[in-house]
Amino acid sequence: MSKRPVQHSFSSVTLFETCPKKFWHLRIRKDVKDSQSSVGEYGQEAHKHFEHRLMKGKRLPMDLQHHEKVLKPLADAPGEGMPEQKLAINRSFEPTGFFDEDVWLRAIIDYVKLKDDRAVIIDHKFGKRKEGFDQIELCTAVFACYRPEVTQYTGAFYWAKEKKFTRTKITPSDIPAIWEKFTARFERVEHAVAHDEFPAKPNGLCKNYCPVKSCPHNGH
């Protein structure tokens, strides 16, 4: 099998770290598809309604109207609202087309509110709340490649089940450390691809959630 340049994303690097074998089947060989959970399907549909509310002022459907008290102030806040930003950069940290040949890293940002030299970067989450800000930090670092004039970032997750935000402040001086952290993670993926090293890694997802049925740990 010929080697193709590795194209990274937050989801792909976390998939690799969860189980290299699963990563190989889903992202390299592509002989298995990951089944979407009911939470994933609901979240995908809710994302669309959130986007339509924030950008077009469309009324939320009945089952999502309890989020109006959160989305209205966000939509009404001063600045430019930017939904569903599909961003990509090359290895020189330069913006490129999302499907261009030189793509090194892709990031999708659910919503950005940009005002002068400040940006609020938001990711909507419909599953169980998790600790940490790795994903929002990576999105911010990619966004900074497009808008280097921004001097202050607020990264936020909106946890829909709790109707609460978790936030972190990021400045341009923080960006190099973010890149250093993620570059090391990406290099481990690239090493595995170059040397065909994709061992199975047993974890809590093996029993009920892994689509790689050929794995000896599946169901255990």
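The values are calculated or read from the model by the stated rules, or taken from the named source; none is laboratory data. From a predicted model like this one, the values you see are computed outputs, not experimental measurements. We place every Cβ from the backbone using ideal geometry, glycine too, and count neighbours over all the protein chains shown. Accessible surface areas use protein heavy atoms only, side chains included; no ligands, DNA or RNA. Shrake-Rupley method; radii C 1.70, N 1.55, O 1.52, S 1.80 Å.
In table form, for the structure just shown:
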{"quantity": "Residues Glu190 and Val32, FRET efficiency given R0 of 22 Å [Cβ-Cβ distance, rounded to 0.05]", "calculated": "0.55"}
{"quantity": "Net charge of neighbours whose Cβ lies under 15 Å from the Cβ of His67, counting Lys and Arg as +1 and Asp and Glu as -1", "calculated": "+2"}
{"quantity": "Trypsin sites (Lys or Arg not before Pro) lying in DSSP loop within the range 159-220, provided at most 13 other Cβ fall within 10 Å", "calculated": "Lys161, Lys163, Lys207, Lys213"}
{"quantity": "Eligible aspartates and glutamates near Lys169 by straight Cα distance, threshold 13 Å, same-chain separation 8 or greater", "calculated": "Asp134, Glu137"}
{"quantity": "3J(HN,Hα) from dihedral phi, the range 203-218, Karplus parametrisation 6.51/-1.76/1.60, rounded to Hz, x for glycine, proline", "calculated": "7, x, 8, 4, 5, 10, 10, 7, x, 7, 5, 6, 6, x, 8, 4"}
{"quantity": "The chain: relative contact order as a whole-number percent, Cα under 8 Å and 6+ apart", "calculated": "21"}
{"quantity": "FRET E, pair Asn203, Ser92, Förster distance 45 Å, beta-carbon r, rounded to 0.05", "calculated": "0.80"}
{"quantity": "Whole-angstrom Cα spans of the range 1-87 along principal axes, big to small", "calculated": "51, 29, 19"}
{"quantity": "Environment charge at Phe10 (Cβ cut-off 14 Å; Lys +1, Arg +1, Asp -1, Glu -1)", "calculated": "+2"}
{"quantity": "Amide proton proximity set for Asp102, modelled H, under 5 Å, gap of 5+", "calculated": "none"}
{"quantity": "From the coordinates shown, log10 I(q)/I(0) by the Debye sum over Cα atoms at q = 0.08, 0.14, 0.15 Å⁻¹ corresponds to which of [x] -0.29, -0.84, -0.94; [y] -0.33, -0.99, -1.11; [z] -0.49, -1.01, -1.06", "calculated": "[y]"}
{"quantity": "Zone residues, the range 67-101, relative to Phe165, backbone N less than 16 Å from point 7 Å out along Cα-to-Cβ", "calculated": "67-83"}
{"quantity": "Above-threshold pairs, the threshold being 23 Å between Cα atoms, out of Lys33/Lys207; Lys30/Lys181; Lys72/Lys125", "calculated": "Lys30/Lys181"}
{"quantity": "Long-range amide H partners of Gln152 with built H, under 5 Å", "calculated": "Ala119"}
{"quantity": "Accessible area, probe 1.4 Å, largest first, for residues Asp134, Asp123, Asp31, Asp196", "calculated": "Asp196, Asp31, Asp134, Asp123"}
{"quantity": "The range 70-157, relative contact order [Cα under 8 Å, separation at least 6], %", "calculated": "27"}
{"quantity": "Degrees between helix 175-195 axis and first principal axis of the chain (Cα, 0 to 90, nearest 10)", "calculated": "30"}
{"quantity": "Local electrostatic count at Ile108 - Lys and Arg +1, Asp and Glu -1, tallied over other residues with Cβ under 11 Å", "calculated": "-1"}
{"quantity": "Value of Rg/Rh across the range 51-170 [Cα atoms, Kirkwood radius]", "calculated": "0.98"}
{"quantity": "Dipole of the chain, positive direction: furthest Cα of Pro78, Tyr209, Ser92, with charges on the beta-carbon", "calculated": "Tyr209"}
{"quantity": "J(HN,Hα) series, the range 90-102, from Karplus relation 6.51 cos²θ - 1.76 cosθ + 1.60, nearest Hz, glycine and proline x", "calculated": "9, 5, 8, 6, 10, x, 8, x, 4, 10, 6, 5, 8"}
{"quantity": "Accessible area in square angstrom per residue, the range 134-175, 1.4 angstrom probe", "calculated": "44"}
